[in-house]
Amino acid sequence: MTACFSQTAQMPLIFQPRPALPPPKQSVGMIGWLRANLFSSWLDAGLTVMALFFLYRALPPLFSWAIWNAVWFGGPQSCAPGADGACWAFVADKFRVLMVGLYPASEIWRPLLGGVALIALALASALRIGSGKIRAALWVALPIPLYWLVNGGMGLSVVDQSLWGGLMLSIGLALAGIMCSLPIGILLALGRRSDIAVIKALCIGIIEPIRGVPLITILFMASVMLPLFLPVGLEINNLLRVQIGIILFSAAYMAEVVRGGLQAIPKGQYDAAKSIGLNYWKTTVLVVLPQALRHVIPSLIGRCIALFKDTSLVIIVGLLDFLGMVKASSQDPEWLGHDAEAYVFCALIYWVICFGMSRYGRSLERLRKKDGLDNA
Amino acid sequence: MPDTRADADTVIELTGVNKWYGNFHVLKQIDLMVKRGERIVICGPSGSGKSTLIRCINGLERHQTGAIRVQGVKLTKRAKDLHAIRGQVGMVFQNFNLYPHMTILENVAFAPIWVNKMPLVKAQSQAMHHLARVQIQDQADKYPSQLSGGQQQRVAIARLLCMNCRIMLFDEPTSALDPEMIKEVLDVMVALAAEDITMICVTHEMGFARTVADRVIFMDGGEIVESNTPQELFEHPRYDRTQLFLSQIL
Amino acid sequence: MATYFDKKQVTRLLLQAVVTGGIIYTAYTLFLNTQANLAARNIASGFGFLSVEAGLPISNSLLPYTPSDSYGYAFLVGVINTLHVSFLGILAASAIGVLIGIARVSRNWLISNLAAVYVEILRNIPLLLLLFFAYGVVLAGLPHPRASLQPGWGAYLNNRGFYLPRPIFQDGFGWVAAMFGLTLVMAILLWRWAVGYHRRTGRYIPAGWLGCILIIGMPALTVWLTGTPLTWEKPVLRGFNFQGGMVLRPEFSALMIGLVLYTAAFIGENVRSGIQSVDAGQIDAARSFGVRPGIIMRRIVLPQALRVIVPATTNDYTSLVKNSSLAVAIGYPDMVSVGGTIIGQNDQAIEIIGMWMAVYLCINLIISTLMNWINARVQLTER
């Protein structure tokens, strides 16, 4: 305010700010960065030297094995046993079975089409093309046409489920597992929070034992014990049994994640809903669940990643998923001694998918923190 | 304008201090002399480098060029030098920075025990004494989260008193407080000013500056624009920048 | 109003009755079906099979076992193996995980990013893949016994296992053991005295380090003074194989390597997020008083970080125990492996699966209780 100084005061001088100077060479640029980040103290410098030495011993042999000396094409004869280069020709040769198992070659266009659709939808989600709601709806709707494509029926010839395998089987088990276990998990979580004693006890009685035992025991239960529970004469094939086991296992963990989200909903939300006359189910579906689920999206995605990795265990109950086919192919007498290439390839594919999902989850979390809107 | 010549009474001396964050020149050629017992308020728009300046004085940030001397000791990268001055210079932070897992008493006694190697009982009785000085001794067994902002800041000040810091740096001590609590903290700071403690305070509380400060320094764009007594600076600002800033906050 | 309440209560009672009825009905139907199926397939019921002679070969066993022992004993051997692997795995994974976590928050760009690469790779591949790789490629890729790797100290690494010298304790060793026990007690007393001394006089004595030196040094001194009553039986190559010494079989080693490296990645992330959860301002405040970095870490950062780390790590520990069941895929005879073989022989899946569940639930209960106790102590000091 101008009343601060008298009218007869001098007019203030114009201030000439100093120009901004560039920083001294030593503290910025490459040298500055090195000094700050790698050599900031004697201990630091020592660690850096050790790390560089380790990289020097580890990376060049890896590079030369995987790329420089590797054989990329050809048949079994192109790869000499005990060679010091990777034999990627082996992976190329086995590529089809690694992807789709024993699926008949004549019908391969069907899983191929399904795979393309899946990748397209995944890219759309990653790059956020189109509206979030449409993408979410597509993800939910996708498994059914995918199943029809792979299985057959209604115009397509049926392919027996014992021929399904490879990456297609892993993804199929995971997708179906996620789609089915999430609703069941939500019901279990709601039931666990219910104040009706029997329902609460039932849900706890389902969730806690499942979470306390390894997936293998659940798979054994599904594979070996489930047939005993069914009426005599009714048989369901192994794939369906294993799928049920995976769904139950995942549902218990999803239930705990959802329960965490439900616990974070302030009581005010319930009060507000009751005050406008919503009953229990309407409150839950319209008010509570959307918020609860949004809260725990990163944890849910973490569960999806874990589920996808867990599908690798089905080899123990006799299904040849991606890892299973990798192991089986490496026993091929024509291509002996190339286990490493197969496992590295397998690890690479798993890593790309899982890392992609985790990055997606992290980006969702960032966005949610920014504007709290629906972003699936 | 750079100030007075350095003499035996100078406790803090900055000559030609420059600091960069990466390529950003955040402190430009700072020259500052602070005498023993002087009370200085630093004001200026946000981003002008005020916090960075006082954080350089106790070594929390490193300056790239120029020299900083505190009680005759030159600040370098060496831990020995930093350690020598840190026991004398205390800082009160905007966000209090009390240790949440310790009681108030343990918070205040922490530095005397671990830096001055004081026995526990003596440290605790000293801590109680200084808590009483800021009128908060009845909260000694509570945890920081159970106290209000104003109370926590007073505990932070007690922390410094317990270390017998003769130089106190305040980094916007009241900016994070609700209005009704600002007064209680400022009262404590005014009471401190009555003792022979050198204070450098970054704040927007101009009332405090008028009451207590020997000098007010206005900073903008990383450099000291003006430095004068509160009377002179508020009523006859020498530069347009100063006038603009004052018109916005007064 | 009265009718409204009654209606709600009646609905709830009805719901409870329906659900209870449903559960009973389902259980009963399942029970009948199971009985029928067991009869149709000629599968026995009950736990009588536990005393039948097993005839199972078990390669790795902590307890003495021969194929003429019973199924029950064989299963017990499997349980002990599971506990053995879990215990060692938890210790090793914690140690490595803490290192990884600290590396992740290091100011050194190389170290922090190397740790990040490690974590991101191991968290995004299946554990089973890691096990297959460790067993089928790394360990199988070791040379034949005749061309074993010799890293020193009489150890031989080859594709049949890790052959290590076995310690043989002779008579005088009792003194060494007694001395070890004594120094352990002494170290604890020293530590307690040092804490009191610090409180009384303010002078700090690094009792932790001194204690460690004592615990290692005094028994070593005793060993030397009593004329080394400890000899080592070294493995010796006879023909195609090694005799003597002790051996870590590839199944065990692969399982340990996979479990430890995998779980350490998750524990490392917990440690990192725990350390980063501590507000940087507090460290500023402590530094501004001149508190030394070591004290800042131990007294300010660690107590607060543990509050985040302990609950999360409990999950990782129980996961490790559950993941040990993957031993069945590489042939290590843990509980699932042995149980699975028994099922293969007599089809009594229900009993075996029941036993598995009981044991795993017990182990989980013990770990959870222990960790909850630790958690309570770590959380206690605020509020």
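The values are calculated or read from the model by the stated rules, or taken from the named source; none is laboratory data. Small disclaimer: the values here were computed from a predicted structure and weren't measured. Neighbour counts run over all protein chains shown; Cβ positions are idealised from the backbone, glycine included.
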Residue A:327 vs (1) within 12 Å of chain C (Cβ to nearest Cβ); (2) touching a residue at least 40 places away in the same chain (Cβ under 8 Å); (3) charged (D, E, K, R): all pass except (2)
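Could you pull out the residue among A:133, A:94 that is surrounded by fewer than 16 Cβ atoms within 10 Å (Cβ to Cβ) and of a type in the set (Lys, Arg)?
On the way: A:94 fails: surrounded by fewer than 16 Cβ atoms within 10 Å (Cβ to Cβ).
Among A:133, A:94, only A:133 is surrounded by fewer than 16 Cβ atoms within 10 Å (Cβ to Cβ) and of a type in the set (Lys, Arg).
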In segment A:331-358, anything within 28 Å of residue A:304 (Cβ to Cβ) and either of a type outside the set (A, V, I, L, M) or touching a Pro at 6+ places or on another chain (Cβ under 6 Å) (or both) is listed as A:343, A:345, A:346, A:350, A:351, A:354, A:355, A:356, A:358
Take segment C:91-110 and flag every residue that is surrounded by 21 or more Cβ atoms within 10 Å (Cβ to Cβ) and of a type in the set (A, V, I, L, M, F, W, C).
-> C:93, C:100, C:103
Of the residues in segment A:143-174, those that are part of a helix (DSSP H, G or I), surrounded by fewer than 20 Cβ atoms within 10 Å (Cβ to Cβ) and of a type outside the set (Val, Ile, Thr) come to A:143, A:145, A:147, A:148, A:149, A:151, A:161, A:162, A:163
Can you name the number of the only condition in (1) in contact (Cβ under 8 Å) with a residue 12 or more places away in the chain; (2) surrounded by 11 or more Cβ atoms within 10 Å (Cβ to Cβ); (3) not in a helix (DSSP H, G or I) that residue C:57 fails?
-> (1)
Of all residues in segment C:320-348, count the ones that are in a helix (DSSP H, G or I), touching a Ser or Thr at 6+ places or on another chain (Cβ under 7 Å) and over 16 Å from residue A:317 (Cα atoms).
-> 4
Out of segment C:222-235, which residues are without any contact (Cβ under 8 Å) to a residue 24 or more places away in the chain and either touching a helix residue (DSSP H, G or I) at 6+ places or on another chain (Cβ under 9 Å) or not assigned by TED's automatic domain parsing to the domain that holds residue C:170 (or both)?
-> C:225
Picking from A:318, A:302, A:337, which residue would you name as being surrounded by 13 or more Cβ atoms within 10 Å (Cβ to Cβ), farther than 30 Å from residue A:75 by Cα and within 14 Å of chain C (Cβ to nearest Cβ)?
-> A:302
Could you tell me which of the residues B:46, B:51 is hydroxyl-bearing (Ser, Thr, Tyr) and not in a helix (DSSP H, G or I)?
-> B:46
Here are some conditions: (1) touching a strand residue (DSSP E or B) at 6+ places or on another chain (Cβ under 8 Å); (2) crowded, with 17+ Cβ neighbours inside 10 Å. Residue C:167 meets all but one. Which one does it not meet?
-> (2)
In segment A:60-83, is there at least one residue being assigned to a helix (DSSP H, G or I), of a type in the set (A, V, I, L, M, F, W, C) and touching a strand residue (DSSP E or B) at 6+ places or on another chain (Cβ under 8 Å)?
-> no
Report whether or not residue B:225 is of a type outside the set (S, T, N, Q), farther than 21 Å from residue B:91 by Cα and outside any loop (DSSP other than H, G, I, E, B).
-> yes
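Table: residues versus (1) without any contact (Cβ under 8 Å) to a residue 40 or more places away in the chain; (2) over 28 Å from residue C:253 (Cβ atoms); (3) surrounded by 12 or more Cβ atoms within 10 Å (Cβ to Cβ).
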{"site": "C:115", "(1), (2), (3)": "no, no, yes"}
{"site": "C:134", "(1), (2), (3)": "no, no, yes"}
{"site": "C:186", "(1), (2), (3)": "yes, yes, yes"}
{"site": "C:193", "(1), (2), (3)": "yes, yes, yes"}
{"site": "C:203", "(1), (2), (3)": "yes, yes, no"}
{"site": "C:211", "(1), (2), (3)": "yes, yes, yes"}
Sort out for me the helices (runs of 4 or more DSSP H) sitting completely within segment C:108-210 that have 3 or more residues that are out of contact with any helix residue (DSSP H, G or I) (no Cβ under 9 Å at 6 or more places or on another chain).
-> C:173-201
Answer with yes or no whether residue B:107 is within 11 Å of chain C (Cβ to nearest Cβ), crowded, with 17+ Cβ neighbours inside 10 Å, under 24 Å from residue B:192 (Cβ atoms) and in contact (Cβ under 8 Å) with a residue 60 or more places away in the chain.
-> no
Residue set C:263, C:222; condition away from chain B (no Cβ under 14 Å), buried (at least 19 other Cβ atoms within 10 Å of the Cβ), in a helix (DSSP H, G or I) and more than 28 Å from the chain's Cα centre (by Cα); output residue C:222
Number of positions in segment A:107-128 that are of a type in the set (Val, Ile, Thr), more than 16 Å from residue A:151 (Cβ to Cβ) and in contact with a helix residue (DSSP H, G or I) (Cβ under 8 Å, 6 or more places away or on another chain) | 0
Residue list for segment A:200-221, filter: in a helix (DSSP H, G or I), without any contact (Cβ under 8 Å) to a residue 60 or more places away in the chain and surrounded by 19 or more Cβ atoms within 10 Å (Cβ to Cβ) | A:202, A:203, A:207, A:210, A:212, A:217, A:218, A:221
Selection over segment B:131-148 where residues are within 14 Å of chain C (Cβ to nearest Cβ) and out of contact with any Pro (no Cβ under 9 Å at 6 or more places or on another chain) yields a count of 4
Kindly indicate the residue of segment C:268-296 that is modelled with pLDDT under 90 and in a helix (DSSP H, G or I) and also nearest to residue C:95 (Cα to Cα) among those meeting that condition.
-> C:294
Matching entry among B:146, B:153, B:139 (being closer than 24 Å to residue B:197 by Cα and either of a type in the set (S, T, N, Q) or out of contact with any strand residue (DSSP E or B) (no Cβ under 9 Å at 6 or more places or on another chain) (or both)) = B:153
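Determine which member of the set A:207, A:196 is more than 28 Å from residue C:40 (Cβ to Cβ), within 14 Å of chain C (Cβ to nearest Cβ) and modelled with pLDDT under 90.
The conditions single out A:196.
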Condition met for residue C:244 (away from every other protein chain (no Cβ under 13 Å) and on the phi > 0 side of the Ramachandran plot) | yes
Quick one: is residue A:253 of a type in the set (Ser, Thr, Tyr), surrounded by 16 or more Cβ atoms within 10 Å (Cβ to Cβ) and under 23 Å from the mean Cα position of the chain (by Cα)?
-> yes
Segment B:206-222, subset part of a helix (DSSP H, G or I) and not aromatic (Phe, Trp, Tyr), residue surrounded by the fewest Cβ atoms within 10 Å (Cβ to Cβ) | B:207
When you look at residue C:281, is it without any contact (Cβ under 8 Å) to a residue 40 or more places away in the chain and either in the same structural domain as residue C:338 (by TED's automatic domain parsing) or buried (at least 17 other Cβ atoms within 10 Å of the Cβ) (or both), yes or no?
-> yes
